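Comments concern the structure below.
The values are calculated or read from the model by the stated rules, or taken from the named source; none is laboratory data. Keep in mind that this is a model prediction, so the values were computed, not measured. Ideal geometry is used to build each Cβ from the backbone, glycine not excepted, and the neighbour counts take in all protein chains shown. What goes into the accessible areas is simple: the full protein's heavy atoms, side chains included, and nothing from ligands, DNA or RNA. Shrake-Rupley method; radii C 1.70, N 1.55, O 1.52, S 1.80 Å.
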Amino acid sequence: MIRILTLETTCDETAAAVVTDKLEVLGAVVASQAELHLRFGGVVPEIASRAHVERILPVIDQTLEKANLKLSELDAIAIANRPGLAGSLLVGLMAAKTLCLVHDLPLIGVDHLQAHIYACRIASGQDVFPCIGLIVSGGHSNLYRCQSPLDFTPLGGTIDDAAGEAFDKVASMLGLPYPGGPAIQKAAEQGDPTRYKLPRPLVNDKTRLEFSFSGLKTAVRYELFGTGRPAMGQAANLDSQVVADMAASFQQAVIDCLVNKAALAIRQSDFSRLCVGGGVAANTPFRNAIQRQADNDGFELFIPPLSLCTDNAVMGAIAIERYRVSQFESLDLDISPGLVR
Ligand code: KG4
Ligand code: ZN
């Protein structure tokens with residue numbers, strides 16, 4: 001049996017897991033930093049990297065304890081070294097390299113976005129490739145043609161903000177806490193999604209597989225505060241029904257954009273499977289809407305359980321695919337913070 005320790009520090013989650021070549025999870029731990037970033041309404045990169053430094057070794061220890069394994073009993077260590085926040089990526093990479101050096105283990109580099117799609121493979125227990133991949137997270141909103149777990153062709157992405165980022169910023173305008181996605185989803189349960197007429201950017205352009213959420217964010221701001229600058233603390237004075245109705249209207253607008261372009265990507269391709277990953281895929285109304293679209297259009301939908309949508313190290317099991325073909329890295333491996341298109 002092959003056993004790999006996978007590490008994830010691309011953003012604000014410090015996570016580790018031990019996975020096998022049968023895609024079994026022997027142990028997994030996620031240490032969230034949400035409370036550290038709460039008062040800033042978003043991830044502060046410097047705080048994130050410092051918190052990774054404090055948490056990475058205890059998280060690895062706890063994971064190995066759960067798996068009842070010693071480092072010397074592993075076959076490799078995998079690290080998500082791209083894309084993500086530079087400082088955060090470096091902490092995980094340095095930890096992985098050091099442990100590989102000390103324990104003479106091979107090092108495997110993992111693409112965090114490919115890992116998000118691979119979560120569908122792990123959760124379903126089925127070979128989900130080839131498929132169209134939709135990644136909707138705090139940093140990314142992209143569509144890919146996924147020929148195989150390690151071979152993705154970009155089809156399009158956001159031309160400005162990521163969907164999760166828009167959730168986080170709109171939550172902040174509404175006086176809701178970080179992370180904004182779950183807070184907006186909860187507030188929206190009491191809201192009317194038709195009260196505010198918000199735009200669905202690019203939805204009518206059937207030639208583009210792209211998203212745009214920046215204008216939608218601005219539309220929310222103008223609707224709430226007019227075109228002037230909102231006064232300090234203005235969000236706190238919003239009526240609770242306004243918050244609920246705006247949360248519901250905004251959420252519905254994002255869902256419409258995501259579902260529309262994912263369905264268009266499937267229609268334009270010769271694939272009949274859609275795999276969705278990333279934190280926004282944890283949104284219940286989105287999950288219901290994309291399932292309805294799949295049933296309607298006759299494509300197969302794979303979407304992981306919530307714990308495998310938000311950042312985790314279990315999805316780093318994609319490293320098994322590289323292990324099988326001996327795709328190991330030298331200790332010169334570097335980070336790649338940006339999206340490679
Ligand atoms: O994939 P992820 O954990 O980290 C990145 O790689 O970015 O995604 C985090 C994003 C945050 O923007 C958060 O607000 C959003 O996912 N999110 C949600 C929900 N849960 C997390 N967005 C909408 N609804 C949710 N239930
Ligand atoms: Zn992610």
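The set of residues in region 26-35 being open to solvent by 10 Å² or more (accessible area, probe 1.4 Å) and either in contact (Cβ under 8 Å) with a residue 12 or more places away in the chain or not assigned by TED's automatic domain parsing to the domain that holds residue 71 (or both) consists of 26, 28, 29, 30, 31, 32, 34. State all residues of region 8-25 that are in a strand (DSSP E or B) and open to solvent by less than 60 Å² (accessible area, probe 1.4 Å); if no residue qualifies, say none. Those that are in a strand (DSSP E or B) and open to solvent by less than 60 Å² (accessible area, probe 1.4 Å): 8, 13, 14, 15, 16, 17, 18, 19, 20.
In the set (1) surrounded by 14 or more Cβ atoms within 10 Å (Cβ to Cβ); (2) more than 13 Å from ligand 2 (Cβ to nearest atom), residue 326 fails one condition alone, (1). Within region 151-164, being surrounded by fewer than 24 Cβ atoms within 10 Å (Cβ to Cβ) and either touching a helix residue (DSSP H, G or I) at 6+ places or on another chain (Cβ under 7 Å) or not in a strand (DSSP E or B) (or both) holds for 152, 155, 159, 160, 161, 162. Checked against (1) more than 14 Å from ligand 1 (Cβ to nearest atom); (2) over 25 Å from residue 6 (Cα atoms), residue 289 passes all but a single condition, namely (1). On the stretch given as region 1-47, residues that are within 30 Å of residue 321 (Cβ to Cβ), of a type in the set (Asp, Glu) and more than 16 Å from ligand 2 (Cβ to nearest atom) total 2. Residues in region 71-106 that are crowded, with 21+ Cβ neighbours inside 10 Å, of a type outside the set (A, V, I, L, M, F, W, C) and over 17 Å from residue 329 (Cα atoms): 84, 88. Residue 92 fulfils the conditions (1) assigned to a loop (DSSP other than H, G, I, E, B); (2) within 16 Å of ligand 1 (Cβ to nearest atom); (3) within 21 Å of residue 107 (Cβ to Cβ) except for a single criterion, (1).
Would you call residue 62 crowded, with 21+ Cβ neighbours inside 10 Å and under 20 Å from residue 25 (Cα atoms)?
no
Checked against the criteria, residue 332 counts as open to solvent by 60 Å² or more (accessible area, probe 1.4 Å) and of a type outside the set (A, V, I, L, M, F, W, C). Scanning region 142-192 for residues that are closer than 22 Å to residue 263 by Cα and either more than 11 Å from ligand 1 (Cβ to nearest atom) or touching a Cys at 6+ places or on another chain (Cβ under 9 Å) (or both) yields a total of 19. Here residue 38 qualifies as within 13 Å of ligand 1 (Cβ to nearest atom), outside any strand (DSSP E or B), open to solvent by 30 Å² or more (accessible area, probe 1.4 Å) and of a type outside the set (Asp, Glu). Report whether or not residue 158 is at pLDDT 95 or above, of a type in the set (Val, Ile, Thr), in the same structural domain as residue 234 (by TED's automatic domain parsing) and in contact with a strand residue (DSSP E or B) (Cβ under 8 Å, 6 or more places away or on another chain). Judged against the criteria, residue 158 is a match. Selection within region 114-150: residues that are among the aliphatic types (A, V, I, L, M) and either without any contact (Cβ under 8 Å) to a residue 40 or more places away in the chain or in a loop (DSSP other than H, G, I, E, B) (or both). The member of this set that is surrounded by the fewest Cβ atoms within 10 Å (Cβ to Cβ) is 150.
In region 241-262, is there at least one residue being open to solvent by 30 Å² or more (accessible area, probe 1.4 Å), more than 17 Å from residue 195 (Cα to Cα) and more than 24 Å from the chain's Cα centre (by Cα)? For region 241-262, residues open to solvent by 30 Å² or more (accessible area, probe 1.4 Å), more than 17 Å from residue 195 (Cα to Cα) and more than 24 Å from the chain's Cα centre (by Cα): absent. Residue 109 passes every criterion in (1) over 21 Å from residue 260 (Cα atoms); (2) at pLDDT 95 or above; (3) open to solvent by 20 Å² or more (accessible area, probe 1.4 Å) apart from (3).
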